[in-house]
Amino acid sequence: MAHGRTFKRSVLSSGVVAGVLALAACTSPGGGGASEGNTASSLTRAELDLLTRSGDYTRDEAVLYQAETKLIAACMTDRGFRYKVDEFVPSSDSYQERQLKLGERRTEGYGLYREYAAKRSSGSSTSSTSSTSSATGNREESLTNDQYVAQLPAQKAAAYMRALRGGENDLREMRFDKERAITFSEVGCEAESRKRLFGELDDWAAATYIPQNLNSSLTDNVTKDAKYTAAIRGWKKCMAERGYHYRTPDEAAEQLKAEYQRQGAAESLRRREIDVAVADGTCAERLHIPSVVLSLRKQYAGSLPEADRSRLRQAAEIWTTALGRTGTPD
């Protein structure tokens, strides 16, 4: 489960960030090799890693994720609920490989078919369960948290979610500026686990989302840079050689999304989605686009206003302190 970070969303994931922008598909921050070693003189490596989600960030995020979910599981158990600690192991792939996810593209495309197929089947009833069967007990142990909650009776599922995340009246908003805000619960096992790791929920929110927002603020400079526009020209040519004519990777995914909205989860559209996504990723890999983007993000990070650099420094300090608590959280 996501717990407010940038994993794939699930029914148990926390509030959505409003206005956090990212370059989609192959244009998201990425890279590998020498480009990850680039530094902006005004920022430390730890600050750059947190800002761009590169370097040690993936490893550190996995450590915090595991610590948080273990704390949630202990809290939910105390409240009489089952909560499975999902393993989250950082990938050993290069940053570029992690960003492009070519293996996943070959089976899932951009993930659009799965999304629209889920919407189509959301009205179908779930299979009934037995309260006495030992086979059912074994099956429930193997379910993910999402699956487990989905098969609970409505009243019990509601009680589970209140224990995990409180109710509607327990939500609060933290606003970063006029366009960016997040909503999260102040009570429940999820909030308690974050307090134990980060000290305060405001500190958790700052360390988790301020770097994202600052990174997104660099997007315009990155996409206007000559190195980036040259890389996209190469990507367009590469895609055209494969029979696809899109101006950007974003456009490729958005056009497919529009077709799903019109047609629904058609199998023929799923096959085309996979073909386009694989071609997109292959062209991006050939042109090292994630590396180009990461290098440019680090370059422009040095020009962030001093107020933003100060906010990033504070977020990095909070993040580092939370990592130090993962062994024996307060």
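Of the residues making up segment 59-86, those that are touching a Ser or Thr at 6+ places or on another chain (Cβ under 9 Å) and in a loop (DSSP other than H, G, I, E, B) are TYR83, LYS84, VAL85, ASP86.
The test for being acidic (Asp, Glu), on the phi < 0 side of the Ramachandran plot and in a strand (DSSP E or B) holds for GLU173. Can you name the residue in segment 192-207 that is touching a residue at least 24 places away in the same chain (Cβ under 8 Å) and open to solvent by 20 Å² or more (accessible area, probe 1.4 Å) and, of all such residues, is nearest to GLY327 (Cα to Cα)? Applying the filter and picking the extreme gives ARG196. Answer yes or no as to whether ALA226 is surrounded by fewer than 17 Cβ atoms within 10 Å (Cβ to Cβ) and either in contact (Cβ under 8 Å) with a residue 60 or more places away in the chain or among the small types (Gly, Ala, Ser) (or both). When the stated conditions are applied, ALA226 passes them. Within segment 248-287, the set of residues being open to solvent by 10 Å² or more (accessible area, probe 1.4 Å), of a type in the set (Asp, Glu) and more than 16 Å from GLN96 (Cβ to Cβ) comprises ASP250, GLU251, GLU254, GLU259, GLU267, ASP275.
Within the option set ILE210, ILE182, being surrounded by 21 or more Cβ atoms within 10 Å (Cβ to Cβ) and in contact with a strand residue (DSSP E or B) (Cβ under 7 Å, 6 or more places away or on another chain) holds for one residue only, ILE182. When segment 94-120 is filtered for residues that are within 17 Å of the chain's Cα centre (by Cα) and aromatic (Phe, Trp, Tyr), the ones remaining, listed by number, are TYR95, TYR110. Among the residues of segment 44-58, the one identified as touching a residue at least 40 places away in the same chain (Cβ under 8 Å), assigned to a helix (DSSP H, G or I) and under 19 Å from SER92 (Cβ atoms) is THR58. Where helices (runs of 4 or more DSSP H) sit wholly within segment 95-134, those with at least 3 residues that are at pLDDT below 80 occupy 112-121.
Segment 249-312 holds helices (runs of 4 or more DSSP H) entirely within its bounds, and those carrying 2 or more residues that are free of Cβ contacts under 8 Å to residues at least 24 places away in the same chain and polar (S, T, N, Q) map to 249-263. When segment 86-102 is limited to residues that are polar (S, T, N, Q) and touching a helix residue (DSSP H, G or I) at 6+ places or on another chain (Cβ under 8 Å), the one that is least open to solvent (accessible area, probe 1.4 Å) turns out to be GLN96. Considering LEU43, LEU50, the condition of being at pLDDT below 95 and of a type outside the set (Ser, Thr, Tyr) is satisfied by LEU43 alone. Here ALA158 clears all of (1) touching a helix residue (DSSP H, G or I) at 6+ places or on another chain (Cβ under 9 Å); (2) open to solvent by 20 Å² or more (accessible area, probe 1.4 Å) except the condition numbered (1). Applying the criterion of at least 3 residues that are within 17 Å of ILE318 (Cα to Cα) to the helices (runs of 4 or more DSSP H) found wholly in segment 176-224 leaves 189-198, 201-217.
The values are calculated or read from the model by the stated rules, or taken from the named source; none is laboratory data. Everything numeric in this text was worked out from a predicted model, so none of it was measured. Every residue, glycine among them, receives a Cβ derived from its backbone with ideal geometry; neighbour counts consider all protein chains shown. Heads up: the accessible areas ignore ligands, DNA and RNA and are worked out on the full protein's heavy atoms, side chains in. Shrake-Rupley method; radii C 1.70, N 1.55, O 1.52, S 1.80 Å.
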